[in-house]
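The values are calculated or read from the model by the stated rules, or taken from the named source; none is laboratory data. Computed from a predicted model, the values in this text were never measured in an experiment. Cβ atoms come from the backbone with ideal geometry, glycine included; neighbour counts cover every protein chain shown. To get the accessible areas, we keep the full protein, side chains included, count just its heavy atoms, and leave off ligands, DNA and RNA. Shrake-Rupley method; radii C 1.70, N 1.55, O 1.52, S 1.80 Å.
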Amino acid sequence: MLQNKKRLVPVVGLFIILAIAAIVYLLIRPTRPDFSRLRGEENFNVILITLDTTRADRLGCYGFSRIETPAIDGWAARGVKFETCIAPTPLTLPSHSSIFTGALPLFHGVRDNGGFILPEELTTMTEVFKSRGYATGAFIGAYVLDSKWGLGQGFDFYFDRFDLGKFDKISLGTVQRPGNEVMDEALRWLEEKRGADFFAWIHLYDPHTPYEPPPPFAAKYAGNPYLGEIAFVDSQLARLEHYLDKTGLAEDSFIVIAGDHGESLGEHEEATHGFFIYQEAIHVPLIFVTPFSVLQGVSAPAVVSLIDIMPTALEMAGLPVPGQVQGESLVPFFFQPEKEAGRYVYSETYYPRFHYGWSELRGFQNKRQKLILAPQKELYDLAADPDETRNLALIESGILNTLDAAAAGFIEERSRNAYELDIRKVDPETRERLAALGYVGSFTDSSKLEDKVLANPKEKIVVFNELSRAREMGMRGRADEAVAVIQRILVDDPEISDAYFAIGNIHFKARKYRDAIPYFEKALELKPDDTFCVINIANSYLNMGRPGDGENFVIDYLKKGFSDPQLYFLLGTLTFIQKKYDEALKYYDECLSHNSDMAAAHNAMAAISIIREDLVRAENHIAAAMAIDPGLSNLNYNRAELLEKQGRLQEAAEAYREELKNSPYHYKASFNLSRVFRMMGRADEEERCLRSTMEINPEFPLSYFYLARLYLNRGTDYEEAIRLTEKGIELRPDPKDLPLGYFLLADLYSRLGDPKRAAEYARKGREITGRK
C-alpha cells in the first residue's frame, strides 16, 4: 500500500504542475481582440465624417509637410490610422454607397453619379443604428449625395435641400454648399440630440473642384488651392472637435474619418478624378477615434477598403452586421496593427464606359501588387514603383496570370445576386434637371457595348481633358471657344455622343435653342436610347415657343419603339402647357401605366383637376403622390392651392411653408403664402412673404403691386408705394395683371392730392379692362 502511495505522489505532482501551467497560459495567452471589453455596457455615439476628394498623401498625418491639418492630425494621433485604405471607386455616390452598405459596386449596383439609386432592399449602416434606437442625422455638402439617390435610408434628418434652379449654368458636380454651412447645421443637430444615442454623418465636399478656398486659406495656399480647400475643411473639423470636447461628447463618441476618393492633380495626365484608378485617385485616409487610451497613436499598414467601415463601426457599437456586407471588421487591427491582412481589395471606374463608350477599368491589389484590368492590362509593383509608372504586364506574365485569375474569381463571387439600376425610380424633374446640366450617360443601356472593342481610357485621356476643358469654358460663358475645342475633337473622334451633347448643351444654356437641336439630334443618333437627348430637344422647342413641335418630336421618337415613362410624362407636360388638358391627362395615365410610382404624374393630374375645379379628383391625386414621395417638388404647392379653394386657409399656409422648406426658392409659393395671410388679415406676415418673394425673384411684378397695395391700405409710405408700383409696371406684368398697377397709381396719386395724374392712370386701367 505504501508503495502505491509512493507511485501516486509524482502523478499527483504532475497534474498540479499541468494545472498551474494551464492557468498561467490562460492568463497570458494572446486573446482575440475584444472591443466589447473596452465598450462595456455603455452605448457610444458614432460620428462618420467623409471628406470628399481627399487624397491620403495630402494630409499631415500621412506624411505631407506642406499643409496644416491640426484637427485631422490630432485625431490620428489619438486614434487608429490605416495607412493604405483603398476606395472602391473614384466617384462620390458609388463610394458612399459602398461605405453605407459594406458592399462593392459589383453588388450594390451604383456605378456612377447622377442617375443610379441605392437599392432600398439593402440594409444601410444607418438603418442598423436606427433599429437600435439611435437618433440619425446626415449633413450633406453636395447634390450628388442628395437623399433622392437612396442614401437617406434610415435617417431621421437628412440635410440636403439643394435647389438646382439656382445652378442652371454649372455642372452637377459643382452643386454644393461650403463646409461651414454643413457644420453649422450639424452642430445645431448635435446640440438638440445631447443626452440621446445618435449616429451622425457629416459630409464635407470642399476639396472637390472648383478649388476656391475662402480667406485666409486662399492667400495662404495661393499656389495650391486644392490644399487650401483641405485646410479649410480641417478648420471646420476643429469646430466639431471643440464642440465635442466642450460638451463632454468626445468621451461618449466614436469618430470615423474617411476620404471617399482622391484627386489625380495631373498625375497620369488626369486633372481631377473619375477616369482612372491609379493610387492618387483611390488611396484615401481612414481613421477611427475612440476615448480609450489603449487605442491611441495606432497605425496599421495593412491594405483595407472603405467597405470595411460598416462592419467595423457596427462591431465597435456592439450591433449586428447584415449578411449582405462584403467588408471585414478592422477591429483586430486596433490591437494588432502589424498583422497582415492577407487579402486583395477591388476598385473600379465605369465613368469612361457610361459617358464616352470607352472601356471601364477595374483594379485588384494588395500591399505590393496591383493589377488594372483594361484593354491593355497593367501590372505594378507598388513597393518599388509607388507612382505606377512602369507597367510590368509584359515582363511578369506569371504574376499577371495569377492575379488575373484571382481577380476573375473575386469579381464573380462578389457579383452574385447583384442589384441593377432601375431608372424608373428617378423622378422626372430630376432627370430634366440632370439633362439641363449636361449630366448624361448613366441612363443609357451600356450592355449594347458588350460585343464592341472598346477604347482604352489611357489612350483617350487627352480627349477627355479637352472635353473637360471645353465644358469648363462653357460654364464660364466662353461658349464660342468651348464649341471650337469640341469640334476639333470630333474631327479625330466623330463617334463621341457626349461631345455632340456638350455642344448642344452649351447652345442651350446660351438660349440658342435652334442651334442646340441639331447637336442633340446627332447625339441621339449615336446613342438612340438616350432619353436626356429627347428631353433637351423637346425643351428646346418649348423654349422657342413651339411646344407643339416638341410634342410631335417625342411622339415620333416613341413610334420608333422606345418606351420610357419619362417620355409620357414629358408629353403630358408639353400638352399641359398648351392647355390641352384632356390629352395631358391621357399621357399622364400612360406614364402611370408604365410606372405606378411616378408621383410627379399624380401631382400634374392634381394641378389639372384644380384648374378644372374638380377638387375631389385633385385631392385623390395629391394623396396618391404624397404616399409615394411627400418631398416631391410642387406637391405641397398644389396641395396648398387645393386647401385654399376649400377655404382651409391655415392648412394652406402650412402647406406653402412645407413647399418652401423643400424648395426655398419657390417664389410662387412665397407669393401665394402672402395671399393666404392677406385673406386671413395678417398684414405683417403678408409683408414678410412679399419681401421674401422679391428677394427670391426680383423680376416678379405682382410682389411689387401687392406690397404697394399694403402701404395704400395702411395709409402710409405713398411715395414708396408709387415707386414699387412703377417698378412692377416696368417689369412687364401679364396683361391681365397690368390694370392693377394703373389703378394702384390712380388711388395713390388721389391720396397725394394729384387728381390729374390719378385720372390719367385710372383711364389707362379702364382701357385695358374695357370698363367705362
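Evaluation of residue 120 against the conditions (1) in contact with a helix residue (DSSP H, G or I) (Cβ under 9 Å, 6 or more places away or on another chain); (2) within 19 Å of residue 154 (Cα to Cα); (3) crowded, with 17+ Cβ neighbours inside 10 Å shows that the sole unmet condition is (3). Can you tell me how many residues within segment 387-398 are open to solvent by less than 60 Å² (accessible area, probe 1.4 Å) and in a helix (DSSP H, G or I)? Number satisfying all stated conditions: 1. Given (1) open to solvent by 30 Å² or more (accessible area, probe 1.4 Å); (2) under 26 Å from residue 138 (Cβ atoms); (3) under 26 Å from the mean Cα position of the chain (by Cα), identify the lone condition not met by residue 52. Just one mismatch for residue 52, condition (1).
Taken over segment 572-592, the residue count meeting the criterion of being of a type in the set (Gly, Ala, Ser) and under 29 Å from the mean Cα position of the chain (by Cα) is 1. Residue check: residue 83 meets all listed conditions (1) open to solvent by 10 Å² or more (accessible area, probe 1.4 Å); (2) in a loop (DSSP other than H, G, I, E, B); (3) modelled with pLDDT of 95 or more but one, namely (2).
When 542, 571, 558, 585 are screened for being crowded, with 22+ Cβ neighbours inside 10 Å and either assigned to a helix (DSSP H, G or I) or at positive phi (or both), only 571 passes.
Residues in segment 194-230 that are surrounded by fewer than 20 Cβ atoms within 10 Å (Cβ to Cβ) and in contact (Cβ under 8 Å) with a residue 40 or more places away in the chain: 194, 196, 197, 209, 224. Please determine, by comparing only the residues of segment 135-172 that are surrounded by fewer than 22 Cβ atoms within 10 Å (Cβ to Cβ) and assigned to a helix (DSSP H, G or I), which one is modelled with the highest pLDDT. Checking each candidate, the answer is 147. Within segment 624-635, does at least one residue satisfy the condition of being touching a Leu at 6+ places or on another chain (Cβ under 6 Å) and either over 20 Å from residue 734 (Cβ atoms) or modelled with pLDDT of 95 or more (or both)? Yes. Of everything listed in (1) assigned to a helix (DSSP H, G or I); (2) touching a Ser or Thr at 6+ places or on another chain (Cβ under 6 Å), the single unmet condition for residue 657 is (2).
For segment 588-608, the tally of residues that are assigned to a helix (DSSP H, G or I), among the hydroxyl-bearing types (Ser, Thr, Tyr) and open to solvent by 10 Å² or more (accessible area, probe 1.4 Å) stands at 1.
Just checking, does segment 262-283 include any residue being farther than 30 Å from residue 195 by Cα, assigned to a strand (DSSP E or B) and either open to solvent by less than 10 Å² (accessible area, probe 1.4 Å) or modelled with pLDDT of 95 or more (or both)? Taking every residue of segment 262-283 in turn, at least one turns out to be farther than 30 Å from residue 195 by Cα, assigned to a strand (DSSP E or B) and either open to solvent by less than 10 Å² (accessible area, probe 1.4 Å) or modelled with pLDDT of 95 or more (or both).
Of the residues making up segment 29-67, just one is out of contact with any helix residue (DSSP H, G or I) (no Cβ under 9 Å at 6 or more places or on another chain) and either at pLDDT 95 or above or in a strand (DSSP E or B) (or both), namely 65.
Look at segment 100-121: where a residue is of a type in the set (Ser, Thr, Tyr) and a partner is at pLDDT 95 or above and outside any loop (DSSP other than H, G, I, E, B), sitting 6+ places away or on another chain with Cβ atoms under 9 Å, you get 101/107; 101/108; 101/125; 101/307; 101/310. Counting only residues that are open to solvent by 10 Å² or more (accessible area, probe 1.4 Å) and touching a residue at least 24 places away in the same chain (Cβ under 8 Å), segment 611-625 holds 5 of them.
Yes or no, residue by residue, for (1) at pLDDT below 95; (2) aliphatic (A, V, I, L, M):
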residue: 681; (1), (2): no, no
residue: 694; (1), (2): no, yes
residue: 705; (1), (2): no, no
residue: 716; (1), (2): yes, no
residue: 728; (1), (2): no, no
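Among the criteria (1) closer than 23 Å to residue 670 by Cβ; (2) of a type in the set (S, T, N, Q); (3) out of contact with any His (no Cβ under 8 Å at 6 or more places or on another chain), the one residue 620 does not fulfil is (1).
Listed here are the residues, each with its yes/no results for (1) open to solvent by 70 Å² or more (accessible area, probe 1.4 Å); (2) in contact with a Phe, Trp or Tyr (Cβ under 6 Å, 6 or more places away or on another chain); (3) of a type outside the set (D, E, K, R).
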{"site": "715", "(1), (2), (3)": "no, no, yes"}
{"site": "718", "(1), (2), (3)": "no, no, yes"}
{"site": "723", "(1), (2), (3)": "yes, no, no"}
{"site": "726", "(1), (2), (3)": "yes, no, no"}
{"site": "733", "(1), (2), (3)": "no, no, yes"}
{"site": "740", "(1), (2), (3)": "no, yes, yes"}
{"site": "750", "(1), (2), (3)": "yes, no, yes"}
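The set of residues from segment 293-329 being in a helix (DSSP H, G or I), open to solvent by 30 Å² or more (accessible area, probe 1.4 Å) and among the β-branched types (Val, Ile, Thr) comprises just one member, 294.
Among the residues of segment 684-700, those identified as touching a residue at least 24 places away in the same chain (Cβ under 8 Å) and open to solvent by less than 40 Å² (accessible area, probe 1.4 Å) are 686, 693, 697, 700.
Out of segment 331-343, which residues are buried (at least 20 other Cβ atoms within 10 Å of the Cβ) and out of contact with any Pro (no Cβ under 8 Å at 6 or more places or on another chain)? Selection gives 333, 341. Quick one: is residue 644 open to solvent by 20 Å² or more (accessible area, probe 1.4 Å), free of Cβ contacts under 8 Å to residues at least 60 places away in the same chain and in a helix (DSSP H, G or I)? Judged against the criteria, residue 644 is a match. Selection over segment 471-489 of residues that are within 20 Å of residue 540 (Cβ to Cβ) and either surrounded by 15 or more Cβ atoms within 10 Å (Cβ to Cβ) or β-branched (Val, Ile, Thr) (or both) gives a count of 7. Just so you know, in segment 457-483 the residues that are outside any helix (DSSP H, G or I) and basic (Lys, Arg) include one that is modelled with the highest pLDDT, and it is 478. When you scan segment 365-386, do you find a residue that is at pLDDT 95 or above, within 25 Å of residue 100 (Cα to Cα) and outside any loop (DSSP other than H, G, I, E, B), even just one? Yes: one or more hits. Applying the condition of being of a type in the set (Asp, Glu) and assigned to a helix (DSSP H, G or I) to segment 686-724 and asking which residue is nearest to residue 734 (Cα to Cα) yields 695.
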